[in-house]
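The values are calculated or read from the model by the stated rules, or taken from the named source; none is laboratory data. Owing to the predicted nature of the structure, the values given are computational and were not obtained by experimental measurement. Glycine gets a Cβ as well: all are built from the backbone with ideal geometry, and neighbour counts include every protein chain shown.
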Amino acid sequence: MAEFANLFNGFATVLAFQDVNIFGTQMYLPFNVFLMVVGIVLGVIIGVLPGLGGANGVAILLPLTFSMQPTSAVILLSCIYWGALFGGAITSILFNIPGEPWSVATTFDGYPMAQQGRAGEALTAAFTSSFIGAFFAVIMITLLAPMVAAFALRFGAAEKFAVYFLAFASFVGLSKEPPFKTLAAMVIGFALATFGTDHMTGSLRLTFGSQYLLPGFDFLIAVIGLFGIGEILLTMEEGLKFKGKDAKINLRVVLDTWKKLPAYWWTYLRSCLIGCWMGITPAGATPASFMSYGIAKRVSKNGKNFGNGEIEGVIAPETAAHAAGKSALLPMLALGVPGSPTAAVLLGGLLIWGLQPGPTLFTENSEFVWGLIASMYLGNVVGLIIVLTCVPLLAAILRVPFGIIAPIILMFCAVGAYTVRNSFFDVIMMLAFGLLGYLFKKTNYPLAPLVLAMVLGDRAEEAFRQALVGSGGSLGVFFSNGLVSTIMALGFIALFWSVISAGLSRIRGTAPATAG
Amino acid sequence: MIQSKRNSLFVAAAALGVALSGTPASAQWEPQRTVEIIVPAGTGGGADQMARAIQGIVAKHNLMKQSMIVVNKAGGAGSEGFLDVKGSAGNPHKLIITLSNLFTTPLGTNQPFSYKDFTPVAMLALDEFVLWVNAEKPYKNVKEFLEAAKKGGFKMAGTGSRQEDQIITAAIEKAAGVKFTYVPYRGGGEVAVQLVGNHADATVNNPIEAVAHWKGGKLRPLCVFDGKTLPYNEKIAGDAAWSSIPTCKSQGLDVEYLMLRGFFMTPGATPEQVKFYVDLFQKVRATPEWKDLMNNGAFNTTFMTGKEYVEWVSKEHTRHLNLMKEAGFLSTN
């Protein structure tokens, strides 16, 4: 029960009133709560702007925090991160442009919902799911931190590859698109992931002597182009209008949506578990959202309807992404390994504030750690209230004529693409990906396998080769212990699930399941 | 009316004259707009942390009238950042903080830049490297470790490929006549955890990347790749301090390696401009925040400017050339 005592000390730290000097005025106020609100609002804005991700936002503001107490500093920065997690969903749902990589899967059903005039409902579901996923992860961090840290230590290269494989298999194996189109999209995605410097040997691949191709294609650039620009091109062709402009704007939309959500408790629980698992291992929020979406699509009663505006298709990825985003902080605090790019920047912050992340942080800087954890609880609640009050306002954006909003979106996309690496070449690449996205949509090829192959291809290849270098080239390393064998076996089951379920049905003498 | 106008004109001219005649005497150059620090590496790494710490220190202590921003240009093992600075000749508002990729990237990937393209400003510190093993392993010193390694099959985990960690590994192999399997990872923190989790047999992590696990009793330092032992006496793990780690040379492993944390300006920067930044970094070094940073990371705090710095850099370039040539890491295309 020591955890609870620590946690309540943490709450006391966060809620404490302090004498602070803001813009020259001496004030007595709960400074940390004030920082929390500022952080969340900034984070939501950062999350909305594609490209300007949480990692960039936190990095830019990091030096401002040097004159603060470490606890206040981390509250400000981590709340920016929570805010960015919330904000990423907004543009995914409204414009089919993922504000952050982990909200790609949210576009699959969130955008169709907005087009049907259900933007408010989709936003409410997304924000509420984010909240639940994050809350679940924080409870887990509170109760299980030391155990989870020990578990994370068991993940070497082979185990990590197995996790990527499982994420990949559960998305692709469960998909219902025509298999050859899926395969083609996937192969293009893997091919795109091979460009640039090979991290294993330092040699260059497919750079054609150009310095611009040295870093390869950034996933975010591809996503902004494929989804955002592709969508704008498509809308232009269809006559310059938003389909979602008849959106009902009603303050009751939040309450009405909430009434529907408890029915999806199993989706929530499953997505929370997937998210926490992917956050700790640490594969991160993006694979978690894809995996959760893929599994939900297969096991849901409404699986057929996924992709056409099914609310469960918003719940599953958002819950998992947030559970993963929060639990990614645990390996950072307990082991010093960042589970996400934003966590990597926060890690740098800890070092600059004079704190040493790792197994000793929990004992030596207990006030800091529990202050951070308490701020995760409170920041989450504050964040939910802030974003939910904005739902009607956000949904109203869709009433603005396309002719006005399209150039604005285009500008934000270009700025976002530039911000990722401060490179103008990326803006051109974004336009090229936009064209590719348009072609995919016109010819009915699925974009999701391409995007997933791009985000996982790079890292899965790395883990695969690290494992093989270590084992001297023997594939046995992927079945060398119970942990890795179990994950690999689950991956194969997911990959061949269609075949397996058809076989099972035949044995039982029934017709092959359609929704299963 | 006319009279007064003429008077004010006269006053202005006189003031201008004074200002002009005054300029050569003080010869102070100062930044006229925001100063950019380019980091040729991603966010969260050692160079990035140092650049952001300096940005924070400069802002907190008001060391400069203009503000300072940090820009990451990590592409192509840092060449994106270096080529940007090389292409900004005559812009005194751009600096680059370097790590070993100042040498390894042009040698390993044939990118068209070299240390000679930049105007040297100052070395702020050198980052140390330590040979670490898992604390559960029986070998307590370098000799026992190398004997065990000679049986073969030892995995060395490190950051990146054909960069400092792999160069040190190659140097150990040559000096001790052993063979490691080098497995590259993306970041130092990840490398340390691979060792704690027994997925690797040794690492050459920087102090700050592994110190928490040492403190927690999971890792054991065997030797430091510096010419002398570290000057930090504060106890970290039991009775052991950074100063109690022997040098590798004293343990019979003749390998030394330190990583530059220094600044360069764009080509063609004037001596006045360089002097401004040297003075600025001197002020940064005097702050308590900087001292804390050095202490936490057990840095080698050698400070160098001018000719001495240039000579150090050019010597280091030759050394990297030789080390990389022997290891077969030089670019072939």
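Data table
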{"read-out": "Any chance B:Phe281 is buried (at least 24 other Cβ atoms within 10 Å of the Cβ), touching a residue at least 24 places away in the same chain (Cβ under 8 Å) and touching a strand residue (DSSP E or B) at 6+ places or on another chain (Cβ under 6 Å)", "value": "no"}
{"read-out": "Enumerated helices (runs of 4 or more DSSP H) restricted to region A:340-418, each holding at least 2 residues that are out of contact with any Cys (no Cβ under 7 Å at 6 or more places or on another chain) and within 13 Å of another protein chain (Cβ to nearest Cβ)", "value": "A:341-352, A:361-364"}
{"read-out": "Residue within region B:139-153 that is within 14 Å of chain A (Cβ to nearest Cβ) and either part of a strand (DSSP E or B) or closer than 23 Å to B:Trp214 by Cβ (or both) present", "value": "no"}
{"read-out": "Of residues in region B:100-121 being at pLDDT 90 or above and part of a loop (DSSP other than H, G, I, E, B), the one farthest from the other protein chains (Cβ to nearest Cβ)", "value": "B:Phe118"}
{"read-out": "Positions within region A:290-335 being at pLDDT below 90 and of a type in the set (D, E, K, R), in sequence order", "value": "A:Lys297, A:Arg298, A:Lys301, A:Lys304, A:Lys326"}
{"read-out": "Filter result (of a type in the set (A, V, I, L, M, F, W, C) and touching a Pro at 6+ places or on another chain (Cβ under 9 Å)) within region B:285-303", "value": "B:Ala298, B:Phe299"}
{"read-out": "Candidate set: region A:312-339, residues that are of a type in the set (Val, Ile, Thr) and in contact with a Gly (Cβ under 9 Å, 6 or more places away or on another chain); chosen: the one nearest to the other protein chains (Cβ to nearest Cβ)", "value": "A:Val337"}
{"read-out": "Identity of the residue in region B:26-79, more than 7 Å from chain A (Cβ to nearest Cβ) and of a type in the set (Asp, Glu), that ends up farthest from B:Ala286 (Cα to Cα)", "value": "B:Glu36"}
{"read-out": "Residues that are touching a residue at least 24 places away in the same chain (Cβ under 8 Å) and of a type in the set (Lys, Arg), drawn from region B:196-233", "value": "B:Lys218, B:Arg220"}
